[in-house]
1. Please give the number of the condition residue 140 fails out of (1) more than 23 Å from residue 190 (Cβ to Cβ); (2) surrounded by fewer than 20 Cβ atoms within 10 Å (Cβ to Cβ).
2. So which of 133, 138 ends up being closer than 26 Å to residue 254 by Cβ, at pLDDT 95 or above and in a loop (DSSP other than H, G, I, E, B)?
3. Do we find that residue 173 is on the phi > 0 side of the Ramachandran plot and touching a helix residue (DSSP H, G or I) at 6+ places or on another chain (Cβ under 7 Å) in this structure?
4. Part of a helix (DSSP H, G or I) and either out of contact with any strand residue (DSSP E or B) (no Cβ under 9 Å at 6 or more places or on another chain) or surrounded by fewer than 19 Cβ atoms within 10 Å (Cβ to Cβ) (or both) - does that describe any residue in segment 167-181?
5. Does residue 377 qualify as being farther than 30 Å from residue 149 by Cα, in a helix (DSSP H, G or I) and in contact with a helix residue (DSSP H, G or I) (Cβ under 9 Å, 6 or more places away or on another chain)?
6. Does segment 297-343 hold any residues that are buried (at least 18 other Cβ atoms within 10 Å of the Cβ), under 30 Å from residue 363 (Cα atoms) and within 16 Å of the chain's Cα centre (by Cα), and which are they?
7. Which count do you get for residues in segment 185-196 that are touching a residue at least 40 places away in the same chain (Cβ under 8 Å) and either surrounded by fewer than 16 Cβ atoms within 10 Å (Cβ to Cβ) or under 28 Å from residue 141 (Cα atoms) (or both)?
8. Going by the conditions given, is residue 124 under 27 Å from residue 276 (Cβ atoms), part of a loop (DSSP other than H, G, I, E, B), modelled with pLDDT of 95 or more and in contact with a helix residue (DSSP H, G or I) (Cβ under 8 Å, 6 or more places away or on another chain)?
């Protein structure tokens, strides 16, 4: 049973002077161990930099005198804010995005969360696209140990296996990106992705996913796209299975990294392009070279980022650091959705309109043509690759259950928006 006693009585019970400091001093005096018997010094094994210091080692560094425990709490916090260099794991990461791109920044935000939650036990040297290798080689560099980790999207490994593109740039089956990333965590997606990366492609890479991205626009064009026939013969930039989809629609596809897209539009190398969303497109400068942004499309409605780390490095870490890396990706998934996809994107879309960009909804005839193209691709690739077929069936089973939840339970918001803002 725990109760309360008078301060002087408490001090007398433990044989302490009433001048003893209450904050820290009493507790230190009460729990201080008796003097250890004198013994000969023994050699200690070298500290493992991947493991936290043992409790005895931490206690040995504490102030010996009870009075030292009365130092200001801020000073105490400063002592533990950064781990000793002998306990620090330093990693080198590269993103597949340019220095100013918001997806590069989402990588930086993930890394910041890791560093802060680990108390400085993990530090990351974070580099932009091309600093060590080109964007399409980042996953190979991580596997080889040239990089310890990186940030990209599964569609970038499309050249190794078309199945990788199903993890973010495949057909949606009525889901949004939140629905697909829920499938990753709770519908078997993470396990299937590990199977294609680690077992089929033999890449020593561990991946985590998020944040879910908004539906990507059909793209930026010099003229409005009104029918599926308007797409035929156009030179167009996209990535992953989306390239196959646009090929089915008669489009000539070119795959380019983000920073090369707008220069290609300016020079007429391509006639149209998509990258991702208003904020990332604004940073690249799309609005400076074309004034038609066709929004809504089924070519990439469910994408998300991929956070990667060398699997051997990851497996060698203590359990708490592995958990920090994993859960920091989940935290960044929510944080970026609020910070970038809602706040920043809404501001940048307003700016596009103010600068004379024509925001045009993609006609239903084009959306329906895309769905028919997906049917063709899914049938063809499923025949060619049983694993591809299994991923498709898993996603369809998940969508058949979760999509009706939103359709039947969640109220549609168009009526409410019009009531408040369009009367």
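The values are calculated or read from the model by the stated rules, or taken from the named source; none is laboratory data. This structure is a prediction, so every number in the text was calculated from the model and none was measured. Please note: Cβ atoms are built from the backbone with ideal geometry, for glycine as well, and neighbour counts cover all protein chains shown.
1. (1)
2. Values: 138 fails: in a loop (DSSP other than H, G, I, E, B).
The conditions single out 133.
3. The answer is yes for residue 173.
4. Yes - at least one qualifying residue is present in segment 167-181.
5. Working: farther than 30 Å from residue 149 by Cα: yes; in a helix (DSSP H, G or I): yes; in contact with a helix residue (DSSP H, G or I) (Cβ under 9 Å, 6 or more places away or on another chain): yes.
Answer is yes for this residue.
6. 302, 303, 304, 305, 336, 337, 340, 341
7. 5
8. Numbers: under 27 Å from residue 276 (Cβ atoms): yes; part of a loop (DSSP other than H, G, I, E, B): no; modelled with pLDDT of 95 or more: yes; in contact with a helix residue (DSSP H, G or I) (Cβ under 8 Å, 6 or more places away or on another chain): yes.
So residue 124 fails the test.
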